[in-house]
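Have a look at the structure below before the remarks.
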Amino acid sequence: MAEAHDYGAEVAELLNDYEILRVLRHFQVARVDYAKNVTRYTEIPQERVRRHIERLREMGLLDIYRNTSIKRTEAKLKKSAEVHKHHTYFMINRKGELALKSITPKAYAMHLSPEELALLCRREDRVVSAGATGHLVSMGLVDRELGLTDLGTQVLDAARRMHLVRCEGQRTQL
């Protein structure tokens, strides 16, 4: 069984790239799927989905599904009861499941630098430091308009509870 220290680097990579994390989360729901279908559900371009799937395989979080047919009990998002494979299918493995379990708002808060946590406090600071905010955007904590996402709000709340950041007595501006 994989322990937390066995996949710390993988978790760090997932925390840093919200798009690859979305692909892995899709597999958590779907169980078994192929790249084109992942694109349909995540709306991430297919070429990037393919790269993310390959990277997740390199990280040891996804495996190729080897059976010749797929039942709906195995692939939760399949519409028919059973289909024969026409694509290369992938499935999340135990290591992938454990990595996803460890990705929490608290994990994000521990992963961010004090400067990045401070940027979550005030929108004005994010606008002034737009270059430094790019990492927060790629992590899915800040949207393209530099407002906090729901995940960003959860991370900021976790960081406050853990006393990792103080927002200088001002209300957080989303």
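Checking the cross-link filter: which aspartates and glutamates have an alpha carbon closer than 20 Å to that of Lys106, excluding same-chain neighbours under 8 positions apart?
Excluding near neighbours in sequence, the set is Glu3, Asp6, Glu10, Glu13, Asp17, Glu19, Glu97, Glu115, Glu116, Asp143, Asp150, Asp157.
In nm, what is the difference between 0.36 nm times the number of residues separating Arg40 and Arg94 and their Cα-Cα distance?
Net length gain for the segment: 17.0 nm.
So what is the relative contact order for segment 104-174, in percent, with contacts set as C-alpha pairs under 8 Å and at least six apart?
Across segment 104-174, relative contact order equals 41 percent.
Full-extension gain between Ser102 and Arg57, please, as 0.36 nm times their residue separation minus the C-alpha to C-alpha distance.
Gain on extension, Ser102 to Arg57, equals 14.3 nm.
Give, as ranges by residue number, the residues of segment 38-62 whose backbone N falls under 18 Å from the point 7 Å along Cα→Cβ of His87.
38-57, 62
Give a residue-ordered list of calculated ³J(HN,Hα) values for segment 18-31 (Karplus: 6.51 cos²θ - 1.76 cosθ + 1.60, θ = phi - 60°; whole Hz; x for Gly, Pro).
4, 5, 5, 5, 4, 5, 5, 5, 4, 5, 5, 7, 6, 6
Could you give the nm distance between label points at Asp150 and Ser138, where each point is 7 Å from its Cα heading toward the beta carbon?
Each label point lies 7 Å from its Cα, and together they span 2.5 nm.
For Val32, enumerate residues with amide H under 5 Å from its amide H, sequence gap 5+ or separate chain, H modeled in the peptide plane.
Lys76, Leu77
Read-outs: derived from the displayed coordinates by stated rules, not from any lab. Worth saying up front: this structure is predicted, and the values here are computed from it rather than measured. No Cβ is skipped: glycine too gets one built from the backbone with ideal geometry, and neighbour counts run over all protein chains shown.
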